[in-house]
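Asks: Have a look at this one.
The values are calculated or read from the model by the stated rules, or taken from the named source; none is laboratory data. If you're wondering where the values come from, they're calculated on a predicted model, not measured in any experiment. Backbone-built Cβ (ideal geometry, glycine too); neighbour counts: all protein chains shown. These accessible areas exclude ligands, DNA and RNA; they are computed on the full protein's heavy atoms, side chains included. Shrake-Rupley method; radii C 1.70, N 1.55, O 1.52, S 1.80 Å.
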Amino acid sequence: MASNISTDLIRGHTDTIILNVLQQGDSYGYQIYKTIIALSGNQYELKEATLYTAFRRLEKEGYIASYWGDETQGGRRKYYRITDTGMQRYKQNKQDWHFAKNVLNRLIEGGIQNEENEPGS
Amino acid sequence: MKRMNQDLNQKIRSYVDNLFAGIGDSQQLYELKEELSINLKEKVIDYKKAGMNEEEAFKEAVSSMGDLSGLVEDMRQIGQDQTRKEVYSSMTARVSTVGLITGILIGLFGLLTMAMLYFMKLPLEAVTGPAIFIVLGGALIAYSLLTRETNKKYAMTKVRAMLYGLSVGLILFSLFTAFTSGFATGEIFIGISSFMVFFLAGFGLLLGLLFTGTDRKKGR
């Protein structure tokens, strides 16, 4: 898996990542954990500790809602689903991400072409 | 296999209990523990499928969870707030109270109507008609009682309480059909046969629920 610095970069998007999983269908803790690993192509693991903290925050903010499954074998799962406001939030975050991605790419990899500002000219 | 699962459940339970040891009880803590336990268990099972033995699988599952201290602190906060708050003031308790009162009233309505019809000297199959209200009332009472958080026990999850309500309803309904069809035809065997269908369904459901329940007692 990637270095700590790059996981920090990703961690800032935990909420959006979870919302993306849930906008594709209801799911529960361990399944969401596995889905995120699979989505990253086995390159990133979002720790369960971070995940549960995010669930609580997202639920408090009204972006997701939870309900108990009706499994009878060995304990019930707590499922999460995305709410309408959560869906709006997800779309907004996605737009923001596209914007930031473009700008950051220019800022980090772009070469300076304007020659007027060159020193000594 | 069954026995091994019991051991694993026990191990996970005590790990999770330990994690939140000394923290004030709250409905949220109870639910978080349930959530953590089931997810941890599925993870251990997956690791075992990947070839680890149970001990390794458990250790790996626990250590790969990450730093849970934020969550623990969160729960401590809620536990402290909770002790200041009266248990019965929560919204679900009020809903459950309304359900309980409605259930009892519906049941009484059925009972009194039956008494009225009986003393009006109507035929018995007509007298048993209003018993359907007792069936409804009984199911509602069962549901409301179970979703209620008391001083000693946490509230049951809604789906489960609904299933309990359904099973009580089915059992009462089986009695209802038994007496109604029995009196209407005057044949006891018809009463028994119609009783059997709903009773077995309801009783089966009830047994299933009883055998799969988790302990809701507080202060474990």
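Asks: Would you confirm whether or not segment B:49-61 contains a residue that is under 17 Å from A:GLY75 (Cα atoms), at the interface with another protein chain (Cβ under 10 Å from one of its Cβ atoms) and modelled with pLDDT of 90 or more?
Replies: No, that holds for no residue.
Asks: I'm checking my understanding of the structure. Among residues of segment B:159-169 that are within 14 Å of another protein chain (Cβ to nearest Cβ) and in contact with a helix residue (DSSP H, G or I) (Cβ under 9 Å, 6 or more places away or on another chain), which one is most open to solvent (accessible area, probe 1.4 Å)?
Replies: Step by step, filter segment B:159-169, then rank; the result is B:MET162.
Asks: Looking at (1) closer than 17 Å to A:HIS13 by Cα; (2) within 14 Å of chain B (Cβ to nearest Cβ); (3) at pLDDT below 95, which is the one condition that is false for A:THR35?
Replies: (3)
Asks: Could you check, for segment B:25-40, whether at least one of its residues is more than 12 Å from every other protein chain (Cβ to nearest Cβ) and either surrounded by fewer than 17 Cβ atoms within 10 Å (Cβ to Cβ) or among the basic types (Lys, Arg) (or both)?
Replies: Within segment B:25-40, one or more residues are more than 12 Å from every other protein chain (Cβ to nearest Cβ) and either surrounded by fewer than 17 Cβ atoms within 10 Å (Cβ to Cβ) or among the basic types (Lys, Arg) (or both).
Asks: I'm trying to understand the selection: among the residues of segment A:2-28, which are under 25 Å from A:GLN92 (Cβ atoms) and in contact with a strand residue (DSSP E or B) (Cβ under 7 Å, 6 or more places away or on another chain)?
Replies: A:LEU19, A:VAL21, A:LEU22, A:GLN23, A:ASP26, A:SER27
Asks: May I ask you to list the residues in segment A:68-100 that are within 14 Å of chain B (Cβ to nearest Cβ), free of Cβ contacts under 8 Å to residues at least 24 places away in the same chain and among the aromatic types (Phe, Trp, Tyr)?
Replies: A:TRP68
Asks: Then there's this: I'd like the residue in segment B:170-220 that is within 14 Å of chain A (Cβ to nearest Cβ) and assigned to a loop (DSSP other than H, G, I, E, B) and, out of all such residues, is farthest from B:PHE20 (Cα to Cα).
Replies: Among those that are within 14 Å of chain A (Cβ to nearest Cβ) and assigned to a loop (DSSP other than H, G, I, E, B), it is B:GLY213.
Asks: On the given criteria, is A:TYR44 touching an Asp or Glu at 6+ places or on another chain (Cβ under 8 Å) and either without any contact (Cβ under 8 Å) to a residue 12 or more places away in the chain or more than 19 Å from B:MET75 (Cα to Cα) (or both)?
Replies: In short, no.
Asks: OK, next. Need pairs with beta-carbon distance below 7 Å; first residue in contact (Cβ under 8 Å) with a residue 24 or more places away in the chain and within 20 Å of A:TYR30 (Cβ to Cβ) and within segment B:16-41, second part of a loop (DSSP other than H, G, I, E, B) and among the aromatic types (Phe, Trp, Tyr); sequence gap 6+ or separate chains.
Replies: Pairs that qualify, where the first residue is in contact (Cβ under 8 Å) with a residue 24 or more places away in the chain and within 20 Å of A:TYR30 (Cβ to Cβ) and the partner is part of a loop (DSSP other than H, G, I, E, B) and among the aromatic types (Phe, Trp, Tyr), are B:LEU29/B:PHE20; B:TYR30/B:TYR154.
Asks: In segment B:142-158, what residues are assigned to a helix (DSSP H, G or I) and open to solvent by less than 50 Å² (accessible area, probe 1.4 Å)?
Replies: Residues satisfying the conditions are B:ALA142, B:SER144, B:LEU146.
Asks: Looking at segment B:103-128 only, could you name the residues that are open to solvent by 30 Å² or more (accessible area, probe 1.4 Å) and in contact (Cβ under 8 Å) with a residue 40 or more places away in the chain?
Replies: Listed by number, the residues that qualify are B:PRO123, B:LEU124, B:GLU125.
Asks: Search segment A:41-70 for residues being closer than 24 Å to B:GLU60 by Cβ and of a type in the set (Asp, Glu), and hand back the single one that is most open to solvent (accessible area, probe 1.4 Å).
Replies: A:GLU45
Asks: Could you tell me which numbered condition B:VAL197 fails, if it satisfies all but one of (1) buried (at least 20 other Cβ atoms within 10 Å of the Cβ); (2) of a type outside the set (Gly, Ala, Ser); (3) over 30 Å from B:GLN28 (Cβ atoms)?
Replies: Failing condition for B:VAL197: (1).
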